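Below you'll find the structure, written out as structure tokens, and then a few comments.
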Amino acid sequence: MRNPIVFSVLLSTLLCGSAMAENDKAPLSALDWLKGCWGSTNRGREVSEQWMKPAGQTMLGMSRTIANGKTVAYEFLQIRQDASGDLFYVAKPSGQTEASFKLVKFTRNEFVFENPDHDFPQRIIYRLETDGSLSARIEGKNKGEEKSVDFPMKRIPCD
């Protein structure tokens, strides 16, 4: 390869990718692609989610759903790394108690957090699609039935 800088970047990418595959713990910095603002509008409901960059072993986020000009749901979010290096997704939805989900699976563009003891959802999935859009999904059992809710979003300006 003629360009040593390109070779170094490619080698680093390959080494980091294989290190992530061998290690069961993802660094919080691997979620850097999530930072910023995301949104969608569907059936008169406007959903927006905003994430701060990873720093201080946390990413802080919030979401809001607006329908008919009123906030109908909101959530305060945190992804944090504990002392052992495990990542947890912590959610405090409007009117509900806080729930914590442990990272159980990850790739460069997808993270799956799980809490099998939570009522619903038991899994939270974030996936960065090849077109740059975000697929957020919650899934699990609700009253004995499998259920899932998808939240497809695109990057939007942070106001």
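What follows is calculated from the coordinates using simple rules that are stated; it is not laboratory data. Nothing here was measured: the structure is a model prediction, and the numbers come from that model. Don't worry about glycine lacking a Cβ; one is built from the backbone with ideal geometry, like all the others, and counts go over all protein chains shown.
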May I ask for the distance between the Cα centers of region 111-134 and region 66-86, given as a whole number of Å?
13
Take each of the peptides 66-78, 106-118, average the number of other beta-carbon atoms within 10 Å over its residues, and list them starting from the highest.
106-118, 66-78
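Can you tally the net charge around Tyr74? Count Lys and Arg as +1, Asp and Glu as -1, for every other residue whose Cβ sits under 10 Å from the Cβ of Tyr74.
On the way: positive: Arg64, Lys92; negative: Glu75.
Taking every other residue near Tyr74 into account, the sum is +1.
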Cβ-derived FRET efficiency at R0 41 Å, Ser29 paired with Gln96, nearest 0.05:
0.90
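Using a/c under 1.5 as the rounded threshold, could you call region 31-159 rounded, prolate or oblate? The axes a ≥ b ≥ c are square roots of the C-alpha gyration tensor eigenvalues, and prolate needs a/b larger than b/c, oblate otherwise.
Working: a/c = 1.42, a/b = 1.11, b/c = 1.28.
The shape class here is rounded.
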Which cross-chain or sequence-distant (5 or more) residues have an amide H under 5 Å from the amide H of Gln122, H modelled 1.01 Å from N in plane?
Glu139, Gly140, Lys141
Stretch gain in nm, segment Glu75-Ala55, where the contour uses 0.36 nm per residue and the Cα spacing is subtracted:
5.2 nm
Distance between modelled label sites at Arg64 and Ser84, nm, 7 Å Cα→Cβ extension
3.7
Any residue on another chain or 5+ positions along whose placed amide H is under 5 Å from the amide H of Val104 is listed here as Val112, Phe113, Glu114
